[in-house]
Structures are given as structure tokens and as C-alpha cells.
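Please treat every number below as a calculation from the coordinates, not as lab data. If you're wondering where the values come from, they're calculated on a predicted model, not measured in any experiment. Backbone-built Cβ (ideal geometry, glycine too); neighbour counts: all protein chains shown.
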Amino acid sequence: MEEKPRSKRPYTKRSDDGKARPQRRSYGPRATDENRSDAPNPYRRKYDKDDTHPTYAKSGYRKNDDRKADFHKKYSPKPKTKATAPADEDGLVRLNKFIANSGICSRREADTYIETGLVTVNGVKVTELGTKIDPLKDDVRFNGTRIKGEKKVYIVMNKPKDFVTTMTDPHADRTVMDLISKTLCPERVFPVGRLDKATTGVLLFTNDGDLTEKLTHPKHEVRKIYHATLDKNLKKEDFDKILEGVELEDGPIAADALSYVEGDKAQVGLEIHSGRNRIVRRIFEHLGYKVKKLDRVYFAGLTKKNLRRGAWRFLDEKEIGLLKMGAFK
């Protein structure tokens, strides 16, 4: 039988509308019950998650995740290793840091004491800044008194009225240090910042010189909130002036936030970042008001919650961590 050209072969099937449909090309024997097997069809791509298919086991097929892992392993930049100090400096600390950590002063003040010759190391006067010492072996003395590294202590107090915020004052009958028990807190702590004698509320104590410097330095703008009771209602125009800013003898000052307390216009809540001396009282006095009561209810993330007047407590680890991270802004 003469074979006709492919283009002239007869059509074997027709569609419903009567149009001719060319015969499909065969890619192999059709699967029937006689020739059906479990062998995979090499023309159909299947993804076996367990990689147990015999076809992929022979061909070395790998999942896409494996290829990505190899790519990142080969081309990812090498991690930078942190430079380590030379072996002869292991365990050494700067002299000013050691003094500040002992609770005597801040690092900046320690530098001043070192330069003026008030600090000795193993009996030798040290005046060079940046000197390093071994805290376990060296004998460091300040004004002849040996400095010992102390455990860091952090205390919050609800300061009562008529107590002076100072370490010692020969003219004061009572100071805030009289309220801290030496038995419960043998470490030497000092107040962070000041509250005047008539002001009550949140007051922080610590022997951490670095933290003290951070909380008292103006550039960190530590957040403070006060509850002030005035001798008369605060007028709306004066309310707006405090928010816009008033000019005091030591420069302009403005509150960050201001509101009446429970609708009483003689009581206001004031938020401010400035740490100037008696700043809240001076703002109201400048506008012709007298502050009858002043209570600090918030300082650097701390409150006086569950603390009666004159009571204090140690900060927990979470509160200490927030202070050191600067979450008080």
C-alpha cells in the first residue's frame, strides 16, 4: 500500500460541530491492563517529598530547599568576628569605671579625681586618664580609703515631705538616707537627682555611677510627671502659656504635656523633661500661682505604686533592664 504524505493523511476523528480534527501523535504504547506497570512515566514530572521514587533516586534529584541551602552556604558573606583584647589585658578595667562602679561618683567625676591626684593604685599616685587596673589584685584608694567593688543596687522610694534629698546635711533634721535600712541595704547608695524638701513622690537610689550619669544628664531628657495642687484655679490662658513656653531667669521652659486632674482646675498633671532646680514650682510662681502640694508620680519609667509614704523597695530585673536600655524616654 502506497504511504501518503503526512499532510494528506485522513482524519480519524471529528468534533461535534463536524469539523475535522487531526489524529494525535502517539508518544508510546497506550497503557492497558496487559502492559500497565508500576514503573514511573519518564515524561511526567512528579515531586516525591520523601525522595523515595526510584526515578529520582537514580537521577540524583534534590529538593529545591537543598539547592537553596547550598547556594547560600557558598555565596553568603562570612560573618565578621569580634576583635578580642590581647591576652595581657584580660580582666583589666579602666580606673575611672572601677571607681564609678564602686558607687563613689560618676565616671566624669572620677576622671577629675584622678587628674587632681586623689587616687592611688598600689600606693602610687595615678594622674593619667585611661589607666587600667586589675580589680582583683590591685589596691585602689580614694583619699586614702580603699575602694572595693560593690554589688549594684537599685532602689525606688516614695519620698515623704520634710526630708532633704542629700547624703548628709548638717542643717537638716532628716534626710532621705535615714529612711533606708543599713541592715537590708548595706551597700552605699545615693539619690539620683533631687526633690526639694516639700516635694514628695518617686525617688531613685543606686550605686551605679554610669546609670546615674545617664539619668541626670540633660541630653537624655528623662521623662518626669508631677501632680501639682495650686492655691487657685489655673486659667486657660496660663494653661496655654505653660505649653507654649515661659521665660524664666535661667532661660525658656515649656511643658511636654499638661492636663487638669479629674476636672479640678486647681489640680494639674504636668509632664516635663527638664531637670532644672525647682523647675515646676518656678513655672507656676512665674505666672502668679503658689504650689500647695507637689508630688512626682513618674520618673524614668518608675512609679510609686504600692509604696506608702517613706517606704522603699529594690527594683526587679525587668525594671533594671528597662532603665539601662533607656526605655524612660
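Remarks
- Full-extension gain in nm, A311 to K197, via 0.36 nm per residue minus C-alpha separation: 39.4 nm
- Projecting label points 7 angstrom from Cα along Cα→Cβ for E247 and E285 puts them 2.0 nm apart.
- Contour excess over end-to-end distance, with Cα ends at D162 and I320 and 0.36 nm allotted per residue: 54.0 nm
- Summing charges over neighbours of G123, with a neighbour being any other residue whose Cβ is under 14 Å away from its Cβ, gives +2 when K and R count +1 and D and E count -1.
- Neighbourhood net charge (12 Å Cβ-Cβ; Lys/Arg +1, Asp/Glu -1) for N277: +2
- Two-decimal log10 I(q)/I(0) for the range 223-299, as the Debye equation yields it once each C-alpha is a single scatterer, q = 0.16, 0.18, 0.23 Å⁻¹: -0.49, -0.64, -1.11
- Summing charges over neighbours of C105, with a neighbour being any other residue whose Cβ is under 10 Å away from its Cβ, gives -1 when K and R count +1 and D and E count -1.
- Charge dipole magnitude, Cβ of K and R +1, D and E -1 - the range 223-299, Cα centre, debye nearest 20: 320 debye
- Simple Cβ-charge dipole of the range 88-146, Lys/Arg +1 and Asp/Glu -1, about Cα centre, in debye nearest 20: 240 debye
- FRET efficiency, L184 to R278 (Cβ-Cβ, R0 30 Å, nearest 0.05): 0.45
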